[in-house]
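Take a look at the structure below.
The values are calculated or read from the model by the stated rules, or taken from the named source; none is laboratory data. The structure displayed is predicted, hence computed values, not measured ones. Positions of Cβ are backbone-derived with ideal geometry, glycine not excepted, and every protein chain shown enters the neighbour counts. What goes into the accessible areas is simple: the full protein's heavy atoms, side chains included, and nothing from ligands, DNA or RNA. Shrake-Rupley method; radii C 1.70, N 1.55, O 1.52, S 1.80 Å.
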Amino acid sequence: MEFVIRNATLPDGRTGIDIAVQDGRIAAVAPRLALAAAREIDAEGDLVAPPFVDAHFHMDATLSYGLPRVNASGTLLEGISLWGELKPQLTQEALVERAMRYCDWAVARGLLAIRTHVDVCDDRLLAVEALLEVKRRVAPYLDMQLVAFPQDGLLRSPTALANLKRAIAMGVDVVGGIPHFERTMADGAESVRVLCEFAAAQGLMVDMHCDESDDPLSRHIETLAFETHRLGLHGRVAGSHLTSMHSMDNYYVSKLLPLIAESGVAAIANPLINITLQGRHDTYPKRRGMTRVPELMAAGVTVAFGHDCVMDPWYGMGSGDMLEVAHMGLHVAQMTSQQAMRACFAAVTENPAKILGLEGYGLEPGCHADLVLLDAADPVEAIRLRAARRLVMRRGRIVAESPRAVARLDLPGRPGSVAFRQRDRGQ
Ligand SMILES: [Zn+2]
């Protein structure tokens, strides 16, 4: 055997588990495996999880913060106009370089699969070419899935539909959309129909920016669920953001939730971005703006938390750490029960893996040997501490390591030095 990780805790609560790795796959998962390995790692009871997955990102804009100038107001609208200023100045080399740099950050944080939207409203499709190149380069260590995103509106921008089709022909994986940004509600609904029919004909998945608005009457999610059901796209469609659901009438939502569940449409909330960009026209009280995550989960909908932005025209923060994303999601949705906190961990691991349709994801024998050893006792502690990634493995190879967070104390009057650790398992 190539590798054995001894004495791990798994996200489902099993403890004292050994994980054997051979030929890039997980060979065995059981307590005290009686086998020899070329390399053994003692997890010391720490959590081993499958890698983090980001279901919603914009890698064409990432790490461009401050170009050509910073977003002085920090608002969505200034972000959009900033991106418009930056677009004509983009070069393929710079796009590739920034995206590659972000992928390095991601790997160090155990984030090994990213679905990124790519703007197709630039007729040169520079960003599409750049991110397809990045996808090829990072493939040995990171799964990238691209979404053709008509940022300026499918019907509002004259060349968007043609460009989107070109992008798909070039190798972009998923059909995107932005119905709430079209000129009218009717155009928004029409864009959903056109895009879902195109996806059905091509056998593709769909992931739309949908109802990223505080307008409670922005109801394109209803049309997205309807078209998904009508065209038999169950399990292949995701609605990203869905922030208008936060402000919707409760009676209407009681009808909408079962419709979303019936259609198998997944939901992707972006807590860091939603809590900063939504509710900006409110005085007080200010709405949080994030979609109804626990209610969607209770209705049986697959829900993921996405990072959305890292240091770009819309958001000057972020570091590629999906535990930071889960931490914010937990707070914004008030998901503080034991079960809900664990659900927040699933929202940055197994749920987005399901949305992306990742093959061989998980910690069962036969799955890819992709995993993260965290300096934490369980998923809840991992979120609380945004725990160090002691080790990140991809296809049986160690691709990143981080030291545990330890402060050395050597105080006058204390017997010797003490290793202080941030964690307390209450044992
Ligand atoms: Zn987005």
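Before I look further, what does the chain give for accessible area per residue, probe 1.4 Å, in whole square angstrom?
Numbers: 17290 Å² over 427 residues.
I get 40 Å² per residue for this part.
Taking N as the number of residues in the chain, what is its Cα Rg relative to 2.2 N^0.38 Å? Intermediate values should be presented prior to the final figure.
Details: Rg = 22.0 Å, N = 427, 2.2 N^0.38 = 22.0 Å.
Normalised Cα radius of gyration, the chain: 1.00.
Quick one: angle between helix 160-170 and the longest Cα principal axis of the chain, in degrees between 0 and 90, rounded to 10, please.
Helix 160-170 sits at roughly 40 degrees to that axis.
Pick from A127, A37, A266: which residue has the top mean-square fluctuation in a GNM of the chain where Cα pairs under 10 Å get a spring?
So, out of A127, A37, A266, the one fluctuating most is A37.
Using Cα centres only, tell me the gap between the range 14-47 and the range 297-354 in whole Å.
28 Å
Full-extension gain between D410 and I398, please, as 0.36 nm times their residue separation minus the C-alpha to C-alpha distance.
Fully extending the segment from D410 to I398 adds 1.0 nm.
Rounded to the nearest 500, what is the 222 nm mean residue ellipticity of the chain from helices alone, with -39500 (n - 2.57) per DSSP H run of 4+ residues and division by all residues?
Value at 222 nm, helices only: -10000 deg cm²/dmol.
Roughly how tilted is helix 185-202, in degrees to the nearest 10 and between 0 and 90, from the longest Cα axis of the chain?
Its long axis makes an angle of about 60 degrees.
Assuming R0 = 41 Å, can you tell me the calculated FRET efficiency for the pair R101 and T15, based on Cβ-Cβ distance, to the nearest 0.05? Could you put the intermediate results ahead of the total?
Numbers: r = 37 Å, r/R0 = 0.91.
Efficiency at R0 = 41 Å is approximately 0.65.
Could you work out how far helix 76-86 tilts from the main Cα principal axis of the chain, as a 0 to 90 degree angle to the nearest 10?
Roughly 90 degrees between the two axes.
Just tell me which aspartates and glutamates come within less than 19 Å, Cα to Cα, of K255; anything on the same chain fewer than 8 places away is out.
Partners within reach: D211, D215, E222, E227, E295.
List the aspartates and glutamates whose Cα lies under 16 Å from the Cα of K135, skipping any in the same chain that are fewer than 8 positions away.
Answer for K135, where 16 Å is the Cα cut-off: D54, D60, E93, E97, D104, D119, D143, D173, listed by chain and number.
Lysines within cross-link reach of K354: Cα-Cα under 19 Å, excluding same-chain residues under 8 positions apart?
Hits, sequence-local ones excluded: zero.
What's the carbon and sulfur percent of the range 52-356's accessible surface, probe 1.4 angstrom, rounded to a whole number? Please report the intermediate quantities before stating the final value.
Values: 6230 of 11230 Å².
Taking all protein chains in place, the range 52-356 shows 55 percent carbon and sulfur surface.
With a point put 7 Å past each Cα toward its Cβ, work out how far E133 is from Q334 in nm, to one decimal.
Each label point lies 7 Å from its Cα, and together they span 4.9 nm.
Which residue, L257, L90, L47, tops the fluctuation ranking in a GNM of the chain built on C-alpha contacts under 10 Å?
L90
Pop a pseudo-label 7 angstrom from the Cα along the beta-carbon direction at both E364 and Q22 and give the gap in nm to one decimal.
That separation, rounded to one decimal, is 2.0 nm.
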